[in-house]
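Derivation of every value follows stated rules applied to the coordinates shown; laboratory data play no part. Bear in mind that the values here come from a model prediction, so they are computed numbers and not experimental data. With ideal geometry, Cβ positions are generated from the backbone for all residues, glycine too; neighbour counts draw on all protein chains shown.
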Ligand SMILES: Cc1cc2nc3c(=O)[nH]c(=O)nc-3n(C[C@H](O)[C@H](O)[C@H](O)COP(=O)(O)O)c2cc1C
């Protein structure tokens with residue numbers, strides 16, 4: 001084990017306070033009102049900080065998108081306020097929030113995020129997304145614009161926000177009682193940003209934080225998304241399903257960074273990854289079967305979906321039992337769904353259709369259902385194959401998932417030399433190994 005070997009970075013997705021499986025709130029170990037319990041968010045964040053995780057990550061779509069009749073929400077009540085609650089109760093862990101470039105004005109974004117960056121002593125990140133959910137557009141009396149327009153606006157919003165961040169000079173905050181000078185006005189200048197989509201005058205009256213200004217992330221894999229990331233992002237939240245797919249995407253992003261005059265290493269890919277940890281694989285699988293049993297109607301829908309993924313109608317068979325050999329030989333992965341080969345593999349290994357579903361083959365990220373070692377093995381394989389720089393981890397249920405990850409998976413990764421034993425510094429930029437930046441990059 002060497003200390004100069006490259007190490008993975010890990011951010012924890014808080015989701016809505018429960019986890020990435022929207023029905024785990026009914027498990028005995030779950031806190032049913034976690035959605036509104038900020039103390040629990042704080043507790044999870046402190047635990048994650050104990051495990052030296054690089055940041056908390058909050059996705060956000062400002063709209064009701066889940067079926068709340070049975071499921072928990074997809075996001076926190078409000079990420080900015082959740083991040084603020086956590087900021088004052090933690091010291092090192094980063095706080096990365098998702099804020100749409102389409103449904104926010106640059107002045108508000110610049111002000112909120114820089115204030116929180118100052119409040120947290122330089123630990124904030126902004127996940128820039130263009131948002132393509134119709135329900136969100138409805139909430140803003142708008143519509144989902146073409147990709148070209150969404151990304152055209154995104155470039156301008158980020159330029160405007162960074163200009164505002166830089167509009168208060170780095171040493172302008174004099175606050176000298178003796179001389180009576182509060183600020184050096186020569187260093188505080190309007191930005192007068194005039195784009196096609198957004199306009200703002202500035203200046204923004206907020207001094208720099210310990211990291212200068214927040215770190216930018218991006219999510220959205222289209223060509224336009226890659227260009228946006230290449231130009232601005234230091235972190236990209238990605239959702240590939242295979243190592244090959246992930247490696248290819250990472251290479252494309254690194255090339256985009258270089259095209260925009262940056263070092264390839266300035267862009268870090270965080271691959272989304274979900275897990276259920278228990279003392280044995282059987283126990284972990286049993287927990288997921290228990291969750292599936294909370295909604296049989298949905299399980300039946302998923303069995304129909306799984307059938308389409310593997311090219312055989314599974315619903316007419318005994319879904320509790322391994323498929324007969326003759327049926328196993330008929331399975332064919334659907335090339336349109338990158339998750340299909342794994343589904344075929346599990347069914348051919350003798351997993352029943354229900355257990356195959358419980359293994360998470362139709363989740364929105366790759367899933368490991370097993371022990372802490374199984375989780376560590378997965379992370380190591382993806383990391384060492386050059387597929388990713390780190391992970392955006394999503395426990396099925398945060399309440400015990402975060403604890404098990406911190407207490408059981410982190411020590412294994414540290415022992416293997418692929419995860420740091422302590423924070424490198426006090427700011428998110430330092431901990432992600434990023435160059436300093438203030439204002440717009442020349
Ligand atoms: C992994 C991932 C996470 C995303 N998270 C969010 C989010 O939290 N909020 C949001 O509004 N959009 C989110 N998006 C959607 C993007 O903003 C974008 O609308 C979508 O990917 C379509 O963009 P495209 O035109 O680049 O394909 C996410 C996309 C990806 C791939």
>> Can you sort 6, 114 from fewest to most other Cβ atoms within 10 Å of each residue's own Cβ?
In response: 6, 114
> Could you give the angle, 0 to 90 degrees to the nearest 10, between helix 243-259's Cα long axis and the longest principal axis of the Cα atoms of the chain?
Replying inline: 20 degrees
> How would you rank 358-364, 145-151, highest first, on the average number of other Cβ atoms within 10 Å across their residues?
Replying inline: 358-364, 145-151
> Mind checking the log10 I(q)/I(0) for the chain at q = 0.09, 0.14 Å⁻¹? Debye, one equal scatterer per Cα, no solvent, two decimals.
Replying inline: -0.60, -1.38
> Rg and Dmax of the range 157-263, Cα atoms, in Å?
Replying inline: 18.5, 63
> Fewest to most neighbouring Cβ within 10 Å: what's the order for 24, 133?
Replying inline: 133, 24
> Ranked highest first by average number of other Cβ atoms within 10 Å, how do 8-17, 88-97 line up?
Replying inline: 8-17, 88-97
> If you take the square roots of the eigenvalues of the alpha-carbon gyration tensor of the range 1-149 and sort them as a ≥ b ≥ c, do you get rounded (a/c under 1.5), prolate (a/b over b/c) or oblate?
Replying inline: oblate
>> Test of understanding: extend the Cα→C-beta vector of residue 81 to 7 Å, then name every residue of the range 8-31 with backbone N under 11 Å from that spot.
In response: none
> If you find the alpha carbon centre of the range 27-63 and of the range 315-393, how far apart are they in angstrom?
Replying inline: 27 Å
> Could you give the distance between the Cα centres of the range 175-191 and the range 101-158, to the whole Å?
Replying inline: 30 Å
> Convex hull over the Cα atoms of the range 324-418, averaged projected area in nm²?
Replying inline: 7.3 nm²
>> Could you work out how much longer the chain between residue 317 and residue 199 gets when fully extended? Use 0.36 nm per residue separation minus the Cα distance between them, nm to one decimal.
In response: 36.4 nm
> Once the Cβ-Cβ distance between residue 39 and residue 381 is put in as r, and R0 is 30 Å, what FRET efficiency do you end up with, to the nearest 0.05?
Replying inline: 0.25
> Where does the chain land at 222 nm, in deg cm²/dmol rounded to the nearest 500, when only DSSP H runs of n ≥ 4 count, each adding -39500 (n - 2.57), divided by all residues?
Replying inline: -11500 deg cm²/dmol
> Listed highest first by mean packing, meaning other Cβ atoms within 10 Å per residue, what order do 319-327, 229-237, 254-262 come in?
Replying inline: 229-237, 254-262, 319-327
>> Taking the number of other C-beta atoms within 10 Å as the exposure measure, put 76, 171 in order starting with the fewest.
In response: 171, 76
> How many percent of the alpha carbon pairs in the range 282-358 exceed a separation of 14 Å?
Replying inline: 58 percent
